[in-house]
Structure formats: C-alpha cells, structure tokens
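The values are calculated or read from the model by the stated rules, or taken from the named source; none is laboratory data. This structure is a prediction, so every number in the text was calculated from the model and none was measured. As a convention, Cβ positions derive from the backbone with ideal geometry for all residues, glycine included, and neighbour counts pool all protein chains shown. Just so you know, the surface numbers come from the protein's heavy atoms only, side chains and all, with ligands and any DNA or RNA stripped out. Shrake-Rupley method; radii C 1.70, N 1.55, O 1.52, S 1.80 Å.
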Amino acid sequence: MVLHYSRTSPIGNQPRYLASTAVFLVEIVKLVTSLVLAIYDTFNSNPSIPPSQNIQKLYNSLFSPDSWKLVVPAALYTLQNSLVYVAISNLDPVTYQVTYQLKILTTVLFSILLLGKIISSRQWMALILLTFGVAMVQLAEPLNIGDWRERLNSIIQGKPGPVSSTFKGLVAVVAASMTSGLTCVYFEKLLKDSGSQSLWTRNVQLSFFSLFPALFIGVLWKDGAAIGRDGFFAGYNAIVWFIILLQAIGGLIVAVCIKYTDNVAKNFAASFSIVVSYAATTFIFQTPVTLHSTVGGSIVLLALYLYNGHSASHGPVLPTTRERHSEKSSNPMSIQNDNGHKHNA
Ligand code: C5P
C-alpha cells in the first residue's frame, strides 16, 4: 500500500522518483547490512583466532570460486523487483496483491522441478486453497461482479488509457510471479548446496551482483536521460526512503526464511501474516469484519492445517529442509513422533 501510494499520489509539477533508483538503493542497503552480518558471523564463530586470519577467511568466502552462481538469481531478482514496480504502478493494490498470489503455485512448481520436492495430493489441495483464501482476505471490499465484468471487458476489448495500463500491470504481475518462483527456488538450492558458506556471505554476493543490472540496465540505460535532467534523487521524500528500508528488511527476512525453512514455508508465512494483519486492522481500527475476508482467513488456516497434517503422505513440511532435519537428528532435544518425524521437544 505504501508502495502504491508513492507511485500514484499527486506530485504537482515535481518529477516522480524513479523506480530504478529505489531498486538500486535497496540493493546497497542489503549489501551493507549483509556485509556487517557476515563480518560479525566470522568473528563471532572464531573468537580465538587472530583478526587477520578472520579477515582472510571472510575474504576467501566472499570471493569463493562458485560466487559467480549468484549472477543468475541476482539478475532475476532485479528483474522481479522492477516488474513489481510496473505492476503496482498500473494496478490497484488489491488487484496487485490478489494476482501476485500466483507465486504460491509457481514456487511449488519450481520446487518440484528444481529441488525434486514431492507434494501429495492433499498438499496440492492445501496450496490451491491457500491461493484462494489469501486472495479472498485481500479483497477489501465485497466482490462487485459488475465491476469485475467491466474490468474484464475493457481488458479484452483493449480499450486505451487506464485499460491498457491495467493489461500492462497484469502482464507484469504474472511475469513477477513466475520470476519469484524460479528465483527463490534457485536461491534455495544454492544455499542448501553451499556447504560451509554462510547465509550472509551468499547474500553479500547476491546483492553485489544485483548492483550491476540495477545500475547499468535500470539506472543508466532505462532512466539515464531523466536522471541527467532531474538528478538521481529527484522526487525523493520520507515515504520513498521508508519504502527502500521496508524492501531491504523484507528481502533480508526472505533470505532467512529460505535458509531455515524453505520457499513454500515462506509463502505460507507471508499468507498467514496477511490474515493476522487483517485481523489486527479490524481489531485496532474497528473496521467492519466482512464475510468473504473471514471465510478467506479460515480457508488459509485450513490450508495450513492440511499442508502440515500428519497423515500427509510425506509428512510435515513446515519447517522442512534437509539441513533442519540433519540439525534435529544431532539435537538431543529432538523426539520422534509415531510417523517417524522428528520434532523438537
Ligand atoms: O515476492 P517474493 O517473496 O518472491 O520476493 C522475494 C524478495 O526477497 C525479492 O524482493 C528479493 O530481492 C528479496 N530477496 C533478498 N535476498 C535474498 C532473497 C530474496 O533480498 N537472499
């Protein structure tokens, strides 16, 4: 909502801030934060060795021979983040949020293709329910069939003006959903095949390689002329800086989620947070509770239960990573349930 506001609010004669500059600055914030955390991690895990050795260790892991592998997710994430700006600039927040839920399904598809994840029919049902449930919660107003028919008709008939931008927004959101699924799963595979490489080292590499497409394609090639005319920070205000901070923190949290659980769990958590914030909003601001949002919220909870149900043929999936399983097996506090799955005591 903040992002949508920043892209559509009236600005008078001032130029609007350029999305490419914001995408670039988000990467700078993530790079600096990840570097600080990587330094902290290295020094904290080897307190007894001299600082010079720790610096050498950090240098070796940052410039590891396989760091080039991060080029692919870096380019794709930059593309995804730019597509999100196109989508949110051309769609209303609700349509954007609802259609972006497609990424729940694309993530599962790529998890099957790239990670060999096995999804039972019960879990498929849960995922489809989750997609619908979270879309329902986000429909802030009751569904007005006439409204949707009108929108659909105008898209099909290709009317000019706002309609063509709606179509552009929808294409961008579908492309962003595909990119989200592919990139997150690719990054998960890299992290989990990384051996001793820490999450923050990988994140430094990711942000470093993201700077190049963000700078050369976004800032210089796409918006170079406008920046030359109005300046890099034209249109910047407190809201734009707030968005940069929000997106950087969001990205770092996504990285932690992918490392310690997986992408499907990350999407479940994001969907659940939408339900929680809906409930909090109605409680705090005393907004009326709508029937479809309540039904949507219940469907999300049902989907969570179904996905993790113990009778699912492949067991609980939240959290589920090879790494966590191996952590648990060496953890004396872990116990085994009747299905043979371990849980922390
Ligand atoms: O919508 P989705 O969950 O796919 O968005 C993932 C977001 O997390 C992207 O904006 C991406 O740039 C960010 N990310 C990150 N660092 C990672 C993984 C993802 O900043 N290690």
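Tabulated results
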read-out	value
Single unsatisfied condition, Leu25 versus (1) touching a Leu at 6+ places or on another chain (Cβ under 9 Å); (2) modelled with pLDDT of 90 or more	(1)
Yes/no for Trp68 being away from the ligand (no atom under 16 Å from the Cβ), in a helix (DSSP H, G or I), closer than 25 Å to Glu27 by Cβ and open to solvent by 50 Å² or more (accessible area, probe 1.4 Å)	yes
Single unsatisfied condition, Ile217 versus (1) more than 14 Å from the ligand (Cβ to nearest atom); (2) under 22 Å from Leu70 (Cα atoms); (3) at pLDDT 95 or above	(3)
Per-region count, the range 198-231, residues assigned to a loop (DSSP other than H, G, I, E, B) and among the acidic types (Asp, Glu)	1
Tyr17 open to solvent by less than 50 Å² (accessible area, probe 1.4 Å) and assigned to a loop (DSSP other than H, G, I, E, B)	yes
Test: Val137 is modelled with pLDDT of 55 or more, more than 16 Å from the ligand (Cβ to nearest atom), of a type outside the set (D, E, K, R) and not in a loop (DSSP other than H, G, I, E, B)	yes
Answer from Leu302, Leu246 - the residue that is open to solvent by 40 Å² or more (accessible area, probe 1.4 Å) and within 30 Å of Pro15 (Cβ to Cβ)	Leu246
Helices (runs of 4 or more DSSP H) contained in the range 232-311 and holding at least 1 residues within 16 Å of the ligand (Cβ to nearest atom) and aromatic (Phe, Trp, Tyr)	238-260, 263-284
Those residues of the range 19-56 which are more than 14 Å from the ligand (Cβ to nearest atom) and touching a Ser or Thr at 6+ places or on another chain (Cβ under 6 Å), in sequence order	Asp41, Asn54
Flag if Lys57 is charged (D, E, K, R) and open to solvent by less than 70 Å² (accessible area, probe 1.4 Å)	no
Check on Gly195, free of Cβ contacts under 8 Å to residues at least 60 places away in the same chain and either within 12 Å of the ligand (Cβ to nearest atom) or assigned to a loop (DSSP other than H, G, I, E, B) (or both)	yes
Residues that are closer than 30 Å to Met125 by Cβ and touching a residue at least 60 places away in the same chain (Cβ under 8 Å), drawn from the range 226-254	Val254
Filtered residues of the range 37-50 (kept if farther than 18 Å from Gly195 by Cβ and open to solvent by less than 80 Å² (accessible area, probe 1.4 Å))	Leu37, Ile39, Phe43, Ile49, Pro50
Search result, residues across the range 88-107 that are aliphatic (A, V, I, L, M), away from the ligand (no atom under 11 Å from the Cβ) and crowded, with 22+ Cβ neighbours inside 10 Å	Ile88, Leu91
Among (1) surrounded by fewer than 16 Cβ atoms within 10 Å (Cβ to Cβ); (2) touching a helix residue (DSSP H, G or I) at 6+ places or on another chain (Cβ under 8 Å); (3) over 19 Å from Glu188 (Cβ atoms), the one test that Ser277 misses	(2)
Any chance Val86 is closer than 19 Å to Ile243 by Cβ and touching a Lys or Arg at 6+ places or on another chain (Cβ under 8 Å)	yes
Meets criteria (at pLDDT below 85 and open to solvent by 20 Å² or more (accessible area, probe 1.4 Å)) for Ile119	no
Residues that are without any contact (Cβ under 8 Å) to a residue 40 or more places away in the chain and not β-branched (Val, Ile, Thr), drawn from the range 114-137	Gly116, Ser121, Trp124
